[in-house]
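Peer 1: First, the structure itself, so that you have it in front of you.
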Amino acid sequence: MKVGVLALQGAVSEHIRSIESTGAEGVAVKQPEQLLDIDGLIIPGGESTTIGKLMRKYGFIEAIQQFSGEGKPLFGTCAGLIVMAQKIDGGEEPHLGVMDISVSRNAFGRQRESFETDLDVKGLQEPLRAVFIRAPLITEVGEGVEVLSTYNDEIVTARQGHLLVSSFHPELTDDVSLHKYFTEMIQANKAAAK
């Protein structure tokens, strides 16, 4: 199983390390053509406006929309969640617009308001250590979206079929349970495609 990490900005090597800890192969994706060789894609944190601009510049928007349209799993963390959302509060133009959610950018404040906490996530056996850095929030979800975890009654992890998002950075701890959850989504998708 090959899992790509969009390598335009953000914690690419950390996600690859987490993916490889689950036993899958991690690949830094720098060209849209590489999407043909992978089974799932992670869109990491960083700065969503910058990631959006770079995705447009290098031809990733249509390529990833097509990848998602084929039912291949996508996982957006922090800024990646914003990039995947259909609606960004404040009227910013959506980027990929593949997931039926509305998001609020920097909802937890600036860098100095960053924090860590243990989160119960539906589908995981143990609480997950979550690192929030200038994290966005999911303010609304569509009918087909399942809320997997909340923090202070705010939605921070959600899933819609083959799409997974988290407000936090699961790659910044040694806990790879959410990455394992994503690789299991990919396995199920591959099995269904046979």
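The values are calculated or read from the model by the stated rules, or taken from the named source; none is laboratory data. Since this is a predicted model, take the numbers as computed values, not measurements. Note that we place each Cβ from the backbone using ideal geometry, even for glycine, and neighbour counts take in every protein chain shown. For accessibility, only protein heavy atoms count, side chains too; no ligands or nucleic acids. Shrake-Rupley method; radii C 1.70, N 1.55, O 1.52, S 1.80 Å.
Peer 1: Would you mind computing the Rg to Rh ratio of the range 66-194 from its alpha-carbon coordinates, Kirkwood style for Rh?
Peer 2: Rounded to two decimals, Rg/Rh equals 0.95.
Peer 1: Among 15, 32, 149, whose Cα lies farthest out toward the positive end of the dipole of the chain, if unit charges sit on the beta carbon of Lys, Arg (+1) and Asp, Glu (-1)?
Peer 2: Among 15, 32, 149, the one farthest towards the positive end of the dipole of the chain is 32.
Peer 1: Right, another one. Could you let me know the centre-to-centre spacing of the range 1-77 and the range 125-161, using Cα atoms, in angstrom?
Peer 2: 20
Peer 1: Output wanted: per-residue J couplings in Hz (rounded whole) for the range 80-85, from phi through Karplus 6.51 cos²θ - 1.76 cosθ + 1.60, θ = phi - 60°, x for Gly and Pro.
Peer 2: x, 4, 4, 4, 7, 5
Peer 1: Can you give the accessible area per residue of the chain, in Å², using a 1.4 Å probe?
Peer 2: With the other protein chains kept in place, the chain gives 45 Å² per residue.
Peer 1: While we're on this one: Which three numbers, in whole Å and largest first, are the semi-axes of the equivalent ellipsoid of the range 1-142 derived from its Cα gyration tensor as √(5λ)?
Peer 2: Listed largest to smallest, the semi-axes of the range 1-142 are 22, 20, 14 Å.
Peer 1: Note down the magnitude of the dipole of the chain about its Cα centre, charges +1 on Lys and Arg C-beta and -1 on Asp and Glu C-beta and zero elsewhere, to the nearest 20 debye.
Peer 2: Details: 18 positive and 27 negative charges, 102 e Å.
Its charge dipole is roughly 500 debye.
Peer 1: Counting alpha carbon pairs within less than 8 Å and at least 6 residues apart, what relative contact order, in whole percent, applies to the chain?
Peer 2: 20
Peer 1: Same structure again: Calculate what fraction, in whole %, of the accessible area of the range 36-194 sits on carbon and sulfur atoms when a 1.4 Å probe is rolled over the protein chains.
Peer 2: Details: 3260 of 7230 Å².
Percent of accessible area from carbon and sulfur atoms in the range 36-194: 45.
Peer 1: To the nearest 20 Debye, how big is the dipole of the range 87-194 about its Cα centre, given +1 on the beta carbon of each Lys and Arg and -1 on that of each Asp and Glu?
Peer 2: Details: 11 positive and 18 negative charges, 71 e Å.
Roughly 340 debye, rounded to the nearest 20.
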